[in-house]
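The values are calculated or read from the model by the stated rules, or taken from the named source; none is laboratory data. The structure presented is a predicted model; accordingly, all values stated were derived computationally and were not measured. In this analysis, Cβ positions are derived from the backbone assuming ideal geometry, glycine residues included, and neighbour counts consider all displayed protein chains. Only protein heavy atoms, including side chains, enter the accessible area calculation; ligands, DNA and RNA are left aside. Shrake-Rupley method; radii C 1.70, N 1.55, O 1.52, S 1.80 Å.
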Amino acid sequence: MAPEESAEAESLLPSFERRFLAARTLRSFPWQSLEEKLRDSSGPELLLNILQKTVKHPLCVKHPPSVKYARCFLSELIRKHEAVHTEPLDELYEALAEVLMAEEPTQCHRSYLLPSGDSVTLSESTAIISHGTTGLVTWDAALYLAEWAIENPAAFAHRTVLELGSGAGLTGLAICKTCCPSTYVFSDCHSCVLEQLRGNILLNGLSLEPDTTAPERHPGHNAHDAESPRVTVAQLDWDVVTAPELATFRPDVIIAADVLYCPETVVSLVRVLQRLSACLKDQQAPDAYIAFTVRSPETCWLFTSELVLSGSPLLQYGAAHPQKPHGPYSGGPPGNAARFSGGIP
Ligand SMILES: C[S@@+](CC[C@H](N)C(=O)[O-])C[C@H]1O[C@@H](n2cnc3c(N)ncnc32)[C@H](O)[C@@H]1O
């Protein structure tokens, strides 16, 4: 490969690497650029490098993605190769044969590369909905909120963060690894989600505090490494949690991603936000950042109107993040906008 060819090809590699490890939709890959580069190149180096950055990547080998995803990806890669070159490339067919022989387990992995060079790896369900919950997979709003947090670490640094409806844990793990919160409380209502979440926290090298409901009851806990946040997982169901229970969390920041997916949950979620906003800490109400995919304008409208009715004025609605996400994982289909609300006084 000529030097200029190799420089151009290099910009394709991180793009394939990041998208493949996070199992982003195949449509979001730069296939067109790949095809153009394949036409201009004579040797197999580019495709071999793509293999190394995707199915043969050490993260992928250790924590494999869904078999179906790897199969579809390799089939597409082979199609691109065959469209341009007549000589078959054995390594591609060998990699495909390997995944064709593999069984699809019920759990798979996604890894997200952080700008710090670190990564977040999650074990997730291969089914979008399983065990009666949507919380066993990562949703786009979680990714957008993680990207926003990484760009705005000061919103979380040295603060107590409470996350509602954490699901698989992507946003919280990205914040814990890059934004230096003092305490991070993951929460959810579903027992399978909580079990998977605890596993994902440990998988990412964080330790879990034993007390899952009230981190601030143990301010003198001195076995803790001051560099990393205190991390707890709480079972918190918006439908049943009481005001005194919520008061024990005393968050500086509340976050939630993709929790506005049906009108039924909105009323109880707003009640929780309202109760938390009444818990002043050092005379300050917590900030709140809610990211959501706009699936139904009615549900968004219900959320904002319920917030207003609850007496919790919603500030900066949609101001913290425009419609178009701009992080390295961006590129979802139109309509997958994330919106943020900030500061519930
Ligand atoms: C669509 S998932 C989003 C998960 C994660 N935040 C993400 O964006 O990937 C919605 C999450 O809200 C949780 N949830 C739904 N109703 C809840 C409730 N009443 N109390 C607490 N969590 C709830 C579900 O268990 C699930 O984990």
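Quick look at the values:
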{"item": "Residues located in segment 249-264, provided they are within 12 Å of the ligand (Cβ to nearest atom) and either modelled with pLDDT under 90 or closer than 16 Å to residue 311 by Cβ (or both)", "result": "260, 261, 262, 264"}
{"item": "Any hit, segment 228-240, residues being outside any strand (DSSP E or B), under 23 Å from residue 63 (Cα atoms), open to solvent by 50 Å² or more (accessible area, probe 1.4 Å) and at pLDDT 95 or above", "result": "no"}
{"item": "Every residue from segment 244-289 that is without any contact (Cβ under 8 Å) to a residue 60 or more places away in the chain, surrounded by 17 or more Cβ atoms within 10 Å (Cβ to Cβ) and at positive phi", "result": "none"}
{"item": "Looking only at segment 103-132, and only at residues there that are at pLDDT below 90 and within 11 Å of the ligand (Cβ to nearest atom), the one that is surrounded by the most Cβ atoms within 10 Å (Cβ to Cβ)", "result": "131"}
{"item": "Condition broken by residue 147, with the remaining ones in (1) farther than 23 Å from residue 275 by Cα; (2) in contact with a Gly (Cβ under 7 Å, 6 or more places away or on another chain); (3) near the ligand (Cβ under 8 Å from one of its atoms) satisfied", "result": "(3)"}
{"item": "Test: residue in segment 152-161 that is open to solvent by 20 Å² or more (accessible area, probe 1.4 Å) and within 13 Å of the ligand (Cβ to nearest atom)", "result": "no"}
{"item": "Residues located in segment 290-302, provided they are in contact with a Ser or Thr (Cβ under 9 Å, 6 or more places away or on another chain), touching a residue at least 60 places away in the same chain (Cβ under 8 Å) and either hydroxyl-bearing (Ser, Thr, Tyr) or outside any loop (DSSP other than H, G, I, E, B) (or both)", "result": "291"}
{"item": "Check on residue 144, under 25 Å from residue 256 (Cα atoms) and at pLDDT 95 or above", "result": "no"}
